[in-house]
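S.K.: Submitted below is the structure of interest, expressed as structure tokens.
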């Protein structure tokens, strides 16, 4: 197998990023969110070496046209979500989702999602401990992060929870799973 980096037409290109969202839609690779570093002085905290990451603005969206190998920058307007990093996204049809019912997953990043018919399935991730009244333990596990440099963080860890969003009625569910 060979991986090829295509040449890009034009001079407009997005800044480097990590933790961004990318989806394929109507012949375009759509990219938004994520963070960048390197342009800011390091913050000095006794005992730590920190490089400051900055989130890209949520209203900054990039479209890469697969056919022409060119980038297009769009700034959205209206109510925008807070800056995001480590999120996941997928496309079903061309509608915008609104007024979703039920208990969504707890705040997390580093999760994955995919579509099946009219369903969007979200699995796993790293984040705060879920509310035990909203998450059935038979639907996955949560374990606090207890190793590495992130020991000083509070109430965060990894989980194996599966959440399903039915886009036909905009309702969340959490199926039982094991393994």
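The values are calculated or read from the model by the stated rules, or taken from the named source; none is laboratory data. Note that the structure is a prediction, hence the values are computed from the model and not measured. Note: ideal-geometry Cβ built from the backbone for every residue, glycine included; neighbour counts use all protein chains shown.
S.K.: Could you list all residues from segment 62-86 that are surrounded by 13 or more Cβ atoms within 10 Å (Cβ to Cβ) and at positive phi?
M.R.: Correct list: 86 only.
S.K.: Being farther than 29 Å from residue 162 by Cα, at pLDDT 90 or above, touching a strand residue (DSSP E or B) at 6+ places or on another chain (Cβ under 6 Å) and not in a strand (DSSP E or B) narrows it down to one residue among 13, 72; which is it?
M.R.: Numbers: 72 fails: not in a strand (DSSP E or B).
After applying the criteria, what remains is 13.
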